[in-house]
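Here's the structure we're looking at; comments come further down.
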Amino acid sequence: MSKVALITSIAGQDGSYLAELLLKKGYIVHGINRHYPLLNTDYPDLNYQEGYETNPDFTFHYGDWCDVASLCRLLDEICPDEIYNLGAVTHPFTSSDSAEYAGTLDGIATLDMLEAIRCLGLEQKTRYYQASPSELCGLINGMQACEMSDFTPRHTNTVGKIYDYWTTVNYRETFGMYACNGILFNHESPRRSAAFVTRKITRALANITQGLERCLYLGNLDAQRDWGHARDYAKMQWMMLQQVEPEDFVIATGVKYSVRQFVTFAALELGIKLRFEGKGLYERGVIAAIISPIAAALKVGDVVVGVDPRFIRHDETEKLAADPTKARQKLGWVPETSLQDLVIEMVQADLAAAKQKARL
Ligand code: GDP
């Protein structure tokens, strides 16, 4: 018999990769999202939605998992073997603008989900995965976080995530539920929203080569992140629920790069060799050489990267990195995609989209 999985926030980057993985493994997949993915035209959900609609093993549920009554009805109906709770207000700007909503979604909703599992008598059947963000370790600044690190949140939504984290641990220890936390460091892909820096960079630079934009404006170019591929991290989320005993894991590549390095790699993939000049707000990325016909419309000396103070955060986490040793040793976790391959995949996807836009 096929296993049944429920994924919250199915329309996001992580939900869509996880759904694809589980469908390939023969699961029946149910996904919930607060908004109908078809409305999100800036994101490839459209294709996925169409793909899933024709797939009898996938069901999309429009709704909000904060709505306890409908959540209980759904759990009662599908009796999932595995729940992946990926729903969150992830972006710091969004979470500080709607702090109360972020607190509800990132705190109480997890308690409701775990309590619903228990009330329906599913606690021995349903395995539960809680997505926890790297910002739990926001203030450790540069030191490598691991499963034993203290939580030092930097944003409102992350405070709610600490509640999620400990609620998950508590339901595991108190009620014997198979419940675990994955603390995932930054993970990117062509499906990442452009609210995040990697996708903002690949999309803008691709647009610049096609004459759709002139300059990419960023905030802190010195910020460092440990960036992995979301597809690899989806696999890891599944692996966590296949262990004999539930445990919490940190997921990361163990290597960090700066925003400036990411820009440099993405530009190179588009045939642009960049030179950075100036400091702080006056730093600029200038074209030092054109090394491929992709960027033929540009010229040496063009300024294609600048700094805009609007993108500098007052509550910046300058460096985020982690040590994935436990995941490697216990789960055999090795990220399959290097940063260079991630950059290539993102740039190529955005270049194809930019070329299409330029033709219109
Ligand atoms: P986060 O680690 O979850 O905050 O992921 P982001 O991709 O939003 O940000 C990663 C880092 O890039 C942070 O340190 C940001 O301050 C830095 N950054 C620099 N410029 C930008 C920008 O224009 N947009 C975003 N989102 N981040 C930027």
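Would you point out which residue out of V307, V300 is over 18 Å from the mean Cα position of the chain (by Cα) and within 16 Å of the ligand (Cβ to nearest atom)?
Residue meeting the stated conditions: V307.
Please give the number of the condition T59 fails out of (1) crowded, with 20+ Cβ neighbours inside 10 Å; (2) modelled with pLDDT of 85 or more.
Condition not satisfied by T59: (1).
With the requirement that a residue be in a loop (DSSP other than H, G, I, E, B) and more than 30 Å from V244 (Cβ to Cβ), what does the stretch 180-193 give you?
S189, P190, R191, R192, S193
Scan the stretch 280-302 and tell me whether some residue there is modelled with pLDDT of 95 or more, charged (D, E, K, R), over 26 Å from R225 (Cβ atoms) and surrounded by fewer than 16 Cβ atoms within 10 Å (Cβ to Cβ).
The answer is yes, given that some residue of the stretch 280-302 is modelled with pLDDT of 95 or more, charged (D, E, K, R), over 26 Å from R225 (Cβ atoms) and surrounded by fewer than 16 Cβ atoms within 10 Å (Cβ to Cβ).
Would you mind finding the one in D81, D67 that is out of contact with any Gly (no Cβ under 9 Å at 6 or more places or on another chain), open to solvent by 20 Å² or more (accessible area, probe 1.4 Å) and modelled with pLDDT of 95 or more?
D81
Only one of R172, R231, R214 is away from the ligand (no atom under 14 Å from the Cβ), open to solvent by 30 Å² or more (accessible area, probe 1.4 Å) and in contact with a strand residue (DSSP E or B) (Cβ under 6 Å, 6 or more places away or on another chain). Can you tell me which?
Step by step, each of R172, R231, R214 is checked, and only R172 is away from the ligand (no atom under 14 Å from the Cβ), open to solvent by 30 Å² or more (accessible area, probe 1.4 Å) and in contact with a strand residue (DSSP E or B) (Cβ under 6 Å, 6 or more places away or on another chain).
Could you grab me the full set of residues in the stretch 106-127 that are of a type in the set (K, R) and either open to solvent by less than 10 Å² (accessible area, probe 1.4 Å) or not in a helix (DSSP H, G or I) (or both)?
Within the stretch 106-127, K125, R127 meet the criteria.
Is it the case that M148 is in contact with a helix residue (DSSP H, G or I) (Cβ under 6 Å, 6 or more places away or on another chain), of a type in the set (A, V, I, L, M) and either crowded, with 21+ Cβ neighbours inside 10 Å or at pLDDT below 65 (or both)?
Criteria not met by M148.
I'm trying to understand the selection: among the residues of the stretch 311-349, which are more than 16 Å from the ligand (Cβ to nearest atom) and part of a loop (DSSP other than H, G, I, E, B)?
D323, P324, G332, W333, V334, P335, E336, T337, S338
Of the numbered conditions (1) closer than 30 Å to G332 by Cα; (2) at pLDDT below 95; (3) within 16 Å of the ligand (Cβ to nearest atom), A194 fails exactly one; give the number of that condition.
(1)
Looking at (1) more than 10 Å from the ligand (Cβ to nearest atom); (2) modelled with pLDDT of 95 or more; (3) part of a helix (DSSP H, G or I), can you tell me which one M177 breaks?
(3)
Could you check the stretch 242-279 and list, in sequence order, the residues that are charged (D, E, K, R), over 18 Å from K299 (Cα atoms) and open to solvent by 30 Å² or more (accessible area, probe 1.4 Å)?
Scanning the stretch 242-279 gives E245, E247, K256, R260, K279.
The values are calculated or read from the model by the stated rules, or taken from the named source; none is laboratory data. None of the values given here were measured: they were computed from a predicted structure. All Cβ positions, even for glycine, are placed from backbone atoms using ideal geometry, and neighbour counts span all protein chains on display. Heavy atoms of the whole protein, side chains included, go into the accessibility calculation; ligands, DNA and RNA do not. Shrake-Rupley method; radii C 1.70, N 1.55, O 1.52, S 1.80 Å.
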